[in-house]
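Novice: Quick one: the structure is below, questions incoming.
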Amino acid sequence: MTTTTMAQALNAALRDALKDDDRVLVFGEDVGTLGGVFRVTDGITADFGEDRCFDTPLAESGIVGFAVGMAMGGFRPVVEMQFDAFAYPAFEQITSHVAKLRNRTRGALEVPMVIRVPYAGGIGGVEHHCDSSEAYYTHTPGLRVVTPGTAQDAYDLLRDAIESPDPVIFLEPKCRYWSSEEVSFTRSGPGMDQAVVRRHGKDVTLIAYGPMVATAMETAEAAKAEGWDVEVVDLRSLSPFDDETVTASVRRTGRAVVVHEAAGFGGYGAEVVARVTEQCFHQLHAPVLRVTGLDIPYPAPKLERHTLPDVDRILDTIARLQWDDTPVVAGA
């Protein structure tokens with residue numbers, strides 16, 4: 001076990017993948033000599049050469065289109081979009097080709113590629129640098145979408161994503177790049193499609209992913225003072241969705257709150273609420289609630305704290321979960 005930041009864990013995952021498989025290539029804007037804006041690819045070009053890790057022009061559609069061709073030709077490209085909203089020019093490539101080629105060719109062609117997207121806020125960035133765009137990708141059949149909430153998962157999920165025969169959108173929470181923990185590089189964790197219970201509790205389930213996992217864990221500790229024993233589920237995989245783990249937790253606790261940074265209207269949390277409500281209706285003591293970002297364009301850096309979910313907002317939402325267990329009577 002080694003104390004490692006999330007950015008370092010991602011770097012290690014890329015290095016190990018490059019060592020293990022000559023078909024793996026890493027490319028994108030400034031990932032070469034600079035080592036990426038967040039230094040996730042630091043030193044990789046120097047150690048593996050410019051034929052394995054290289055810079056591209058500032059053309060996201062071209063980067064993804066180039067990767068599609070390489071994946072069709074037998075390579076396993078790992079591309080970086082640099083920032084979340086920078087990926088939008090490549091969206092047509094992703095939705096029309098990356099996600100559909102296997103189906104279009106009736107399985108004759110696989111597209112084993114990873115699109116790394118540093119996403120979400122919490123770093124004092126401006127618009128086009130702090131979007132939470134997960135719902136766009138999860139609404140597109142044919143894509144796997146994963147996001148680590150810990151440094152250990154950053155390593156494990158990226159290794160799994162690179163080895164997957166399917167295209168993977170790999171969402172990296174920028175504000176957690178510098179968080180550190182003990183990391184094992186033995187890949188002994190759960191599979192890429194599995195959610196995990198980060199903290200066991202008996203009163204309410206907090207469902208979170210990516211940047212909000214640490215916030216959910218902090219909330220669970222703070223909730224002790226209110227007398228609530230909070231369970232935390234880290235989704236890890238947004239698509240496909242691990243119904244089994246999530247619903248088992250909610251059936252135990254009888255209450256649930258979904259937390260994410262993205263705007264609430266039409267957000268990913270709405271799908272989670274629907275699935276939990278449909279499958280756990282008779283075990284619920286209260287409606288499933290959400291804590292989300294505000295329904296506004298991403299604000300200026302000095303104002304972002306007002307839109308990001310925090311411990312107080314989550315605790316306030318937990319308090320609304322009908323703790324007196326009195327049934328709600330229509331018309332009363």
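The values are calculated or read from the model by the stated rules, or taken from the named source; none is laboratory data. All of these numbers come straight from a predicted model, not from anything done at the bench. In this analysis, Cβ positions are derived from the backbone assuming ideal geometry, glycine residues included, and neighbour counts consider all displayed protein chains. Surface accessibility is based on the protein's heavy atoms, side chains included, excluding ligands, DNA and RNA. Shrake-Rupley method; radii C 1.70, N 1.55, O 1.52, S 1.80 Å.
Novice: Of the residues G201, G210, which is within 19 Å of V146 (Cβ to Cβ) and in contact with a Phe, Trp or Tyr (Cβ under 9 Å, 6 or more places away or on another chain)? Lay out the reasoning, then the answer.
Specialist: Values: G201 fails: within 19 Å of V146 (Cβ to Cβ).
Testing whether each residue is within 19 Å of V146 (Cβ to Cβ) and in contact with a Phe, Trp or Tyr (Cβ under 9 Å, 6 or more places away or on another chain) leaves just G210.
Novice: Can you confirm whether the stretch 67-86 contains a residue that is within 25 Å of Y177 (Cα to Cα), aliphatic (A, V, I, L, M) and open to solvent by 60 Å² or more (accessible area, probe 1.4 Å)?
Specialist: No: zero hits.
Novice: Would you confirm whether any residue within the stretch 7-25 is in the same structural domain as R176 (by the TED database) and under 23 Å from V126 (Cβ atoms)? Break it down into steps so the answer makes sense when it comes.
Specialist: Looking only at the stretch 7-25, we keep the residues that are in the same structural domain as R176 (by the TED database), and these are 7-25.
Retained after the next criterion (residues that are under 23 Å from V126 (Cβ atoms)): 7.
Yes, the stretch 7-25 contains a residue that is in the same structural domain as R176 (by the TED database) and under 23 Å from V126 (Cβ atoms).
Novice: Something else: In the stretch 153-167, which residues are crowded, with 24+ Cβ neighbours inside 10 Å and not in a helix (DSSP H, G or I)?
Specialist: Result: P167, single match.
Novice: Tell me the residue from G142, G191 that is in contact with a helix residue (DSSP H, G or I) (Cβ under 8 Å, 6 or more places away or on another chain), open to solvent by 40 Å² or more (accessible area, probe 1.4 Å), outside any strand (DSSP E or B) and closer than 16 Å to S237 by Cα, please.
Specialist: Details: G191 fails: open to solvent by 40 Å² or more (accessible area, probe 1.4 Å).
On inspection, the qualifying residue turns out to be G142.
Novice: What tally of residues in the stretch 29-66 results from selecting those that are open to solvent by 40 Å² or more (accessible area, probe 1.4 Å), among the aromatic types (F, W, Y) and closer than 21 Å to L10 by Cβ?
Specialist: 2
Novice: Which one is nearest to the chain's Cα centre (by Cα) among residues in the stretch 241-270 that are small (G, A, S) and closer than 20 Å to H285 by Cβ?
Specialist: Among those residues, the one meeting the criterion is G269.
Novice: While we're here: May I ask you to say which residue of T205, T215 is modelled with pLDDT of 95 or more, of a type in the set (S, T, N, Q) and either over 21 Å from C280 (Cβ atoms) or open to solvent by 30 Å² or more (accessible area, probe 1.4 Å) (or both)?
Specialist: T215
Novice: Just a yes or no: is a residue in the stretch 200-211 outside the structural domain of M72 (by the TED database) and touching a Cys at 6+ places or on another chain (Cβ under 9 Å)? Give the derivation first.
Specialist: Let us first name the residues in the stretch 200-211 that are outside the structural domain of M72 (by the TED database), namely 200-211.
With touching a Cys at 6+ places or on another chain (Cβ under 9 Å) added as a condition, the list becomes 211.
Yes, the stretch 200-211 contains a residue that is outside the structural domain of M72 (by the TED database) and touching a Cys at 6+ places or on another chain (Cβ under 9 Å).
Novice: Please count how many residues of the stretch 120-136 are within 20 Å of D166 (Cβ to Cβ) and part of a loop (DSSP other than H, G, I, E, B).
Specialist: Result for the stretch 120-136: 1.
Novice: Let me ask something else about it. Given the residues A17, A13, which is the only one that is closer than 27 Å to A262 by Cβ, open to solvent by less than 10 Å² (accessible area, probe 1.4 Å) and in a helix (DSSP H, G or I)?
Specialist: Within the list A17, A13, the selection yields A13.
Novice: Right, another one. Please go through the stretch 89-119 and give me each residue that is open to solvent by 20 Å² or more (accessible area, probe 1.4 Å), of a type outside the set (A, V, I, L, M, F, W, C), over 18 Å from E163 (Cα atoms) and touching a residue at least 40 places away in the same chain (Cβ under 8 Å), ordered by number.
Specialist: T95, K100, listed by residue number.
Novice: Next up: Considering (1) in contact with a helix residue (DSSP H, G or I) (Cβ under 7 Å, 6 or more places away or on another chain); (2) under 30 Å from L18 (Cα atoms); (3) surrounded by fewer than 23 Cβ atoms within 10 Å (Cβ to Cβ), say which one V197 fails and leave the rest.
Specialist: Failed condition: (2).
Novice: Then there is this: Take R236 and decide whether it is assigned by the TED database to the domain that holds S164 and not acidic (D, E).
Specialist: Values: assigned by the TED database to the domain that holds S164: no; not acidic (D, E): yes.
When the stated conditions are applied, R236 does not pass them.
Novice: Still on this structure, please answer the following. What pairs can you find where one residue is in the stretch 23-45 and without any contact (Cβ under 8 Å) to a residue 40 or more places away in the chain, the other is in a strand (DSSP E or B) and open to solvent by 10 Å² or more (accessible area, probe 1.4 Å), and their Cβ atoms are less than 6 Å apart, with a gap of 6+ or different chains?
Specialist: What qualifies is G32/F54; G32/D55.
Novice: Still on this structure, I have one more. Exactly one condition in (1) open to solvent by less than 10 Å² (accessible area, probe 1.4 Å); (2) under 27 Å from A151 (Cβ atoms) is false for V250; which is it?
Specialist: V250 satisfies every listed condition except (2).
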